[in-house]
């Protein structure tokens, strides 16, 4: 049994993948908790999908994916902010319009005959192809995210709990709502190499949803979300090794599988 | 110095559409001011203006210190993972650097604030699991922790149970004795009659002064318009129709 669990990690490739996932767990878990508390899950999904054109362009130009992801996220965020300003439409429609357009554009670029066949990697990541340099970049970005969330913990809690009173308690709602989106964007960029822009959403939202339904106090929820995200990462690698299935998708499915019992049980997120 | 001086205050959320105008009054330390008015009459807007959060504001507001605000309890999230004590501690967030723990003195003050509102036994209860009246008392305890000389309370007695209402009213008396100033938005005219000053708002300031001279049938009719139901002819016991909380 123990061997079944440890065998996959004999290979340096899988070891690096595990380190990548543990790094991402530190950023994705707590971030997901805030995203859910701010009822921003849709934005999380959208930001990561909306950066596809940026990724494809970077791939076409032979530039680092990180650069394309950054540009793509900025364009997506600006587009969403622009469309969402129209009060008659509301933010959801702004997000839907922008993301559909950008995803379509990304697909168009990626599927054109001149493009290198890397769309799959962009959408689903390449967990087993992570290099030492990739790890260093992901580590730096994840550390920045964790630090930002720690520094913003109290104002984020004030705004999330009671937006109307937050200013009188010392936190400006708009500033922290935007900060959360910015942190979300950085996290997505950090995770794109390993998990791709479709699967990263699972690692952000699923462990957080499980943690929120299991614990009653914010610090516990945040720590639990890291633990569950890390668990999903390790379990996903073990399964992908033995079942010979794609690592990223396996991790995403494990994350959802961990969240499922917690979500189905009658709990706090239900009401 | 007065706790609060308001002079020729007007303002609102959009240009050219003042939600409240021509407000001018002074409140002294140790006074409870009832803020009466119909829904949409400008009570919450006035509070926003005093907090410095109204997008458009003209006129003068002079405050003895930063006010604390107690929202209507249904504004706070019930599914947020915090206990009653966690919520009270939020009152100290503004003066705590992010890298520091909440100071021991503040943690002790939070515990005693919960005790003052009669909820020492519920410190570890989830905020969302408390009753409406208990949640209101927790939010008041949070404001106590802010140690503000001026408290703005938005309908703190609306829809709370009898035990909570009695506790809150007793606490108001204690705070008055401590020299704090309270502005209390309320629909309860009878209760307003027991406090020190009454401010009547209907988009503008209708009247301000001691209850005896302010709570007249004429003023109340001007304040509430059609919402007013006068139960008794002598102009003393007056109840007001209580509808939705939309603002």
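The values are calculated or read from the model by the stated rules, or taken from the named source; none is laboratory data. The shown structure was predicted, so the numbers you read here are calculated from the model rather than taken from an experiment. Cβ: placed from backbone, ideal geometry, glycine included. Neighbour counts: every protein chain shown.
Among the residues of the range B:57-94, write down those that are within 12 Å of residue B:147 (Cα to Cα), at the interface with chain A (Cβ under 9 Å from one of its Cβ atoms) and in contact with a strand residue (DSSP E or B) (Cβ under 9 Å, 6 or more places away or on another chain).
Correct list: B:66, B:67, B:68, B:69, B:91.
For the condition closer than 17 Å to residue A:168 by Cβ and part of a strand (DSSP E or B), what is the one hit in B:88, B:35, B:20?
Just one listed residue meets the conditions, B:35.
Looking only at residues that are over 11 Å from the mean Cα position of the chain (by Cα) and facing chain A (nearest Cβ under 10 Å) in the range B:146-160, which one is nearest to residue B:35 (Cα to Cα)?
B:148
Within the range A:1-106, which helices (runs of 4 or more DSSP H) (wholly inside it) include 3 or more residues that are within 29 Å of residue A:161 (Cβ to Cβ)?
Here the list reads A:12-37, A:41-50, A:65-84.
Evaluate the range B:49-57: report whether one residue or more is free of Cβ contacts under 8 Å to residues at least 24 places away in the same chain, surrounded by fewer than 20 Cβ atoms within 10 Å (Cβ to Cβ) and not in a strand (DSSP E or B).
yes
May I ask you to list the residues in the range A:135-158 that are over 20 Å from residue A:29 (Cβ atoms) and more than 10 Å from chain B (Cβ to nearest Cβ)?
The one that is over 20 Å from residue A:29 (Cβ atoms) and more than 10 Å from chain B (Cβ to nearest Cβ): A:136.
On the given criteria, is residue B:60 more than 23 Å from residue B:155 (Cβ to Cβ) and assigned by TED's automatic domain parsing to the domain that holds residue B:165? Outline the logic, then answer.
On the way: more than 23 Å from residue B:155 (Cβ to Cβ): yes; assigned by TED's automatic domain parsing to the domain that holds residue B:165: yes.
The answer is yes for residue B:60.
One residue is enough: does the range B:8-22 have a residue meeting the conditions within 20 Å of residue B:157 (Cβ to Cβ) and in the same structural domain as residue B:216 (by TED's automatic domain parsing)? So that I can check it myself, show each step before the final result.
As a first pass, look at the range B:8-22 and keep what is within 20 Å of residue B:157 (Cβ to Cβ): none.
Checking the range B:8-22: not a single residue is within 20 Å of residue B:157 (Cβ to Cβ) and in the same structural domain as residue B:216 (by TED's automatic domain parsing).
What pairs can you find where one residue is in the range A:191-215 and within 14 Å of another protein chain (Cβ to nearest Cβ), the other is outside any helix (DSSP H, G or I), and their Cβ atoms are less than 7 Å apart, with a gap of 6+ or different chains?
A:212/B:81; A:213/A:265; A:213/A:267; A:215/B:81
Taking the options A:159, A:200, A:189, name whichever one is at pLDDT below 90 and over 20 Å from residue A:249 (Cβ atoms).
A:189
So how many residues does the range A:159-170 have that are more than 7 Å from chain B (Cβ to nearest Cβ) and in a helix (DSSP H, G or I)?
2
Only one of B:134, B:191 is surrounded by 22 or more Cβ atoms within 10 Å (Cβ to Cβ), away from chain A (no Cβ under 14 Å), farther than 27 Å from residue B:52 by Cα and in contact with a helix residue (DSSP H, G or I) (Cβ under 9 Å, 6 or more places away or on another chain). Can you tell me which?
B:134
Count, please, the residues in the range A:213-244 that happen to be at pLDDT below 95, under 21 Å from residue A:152 (Cα atoms) and in a helix (DSSP H, G or I).
0
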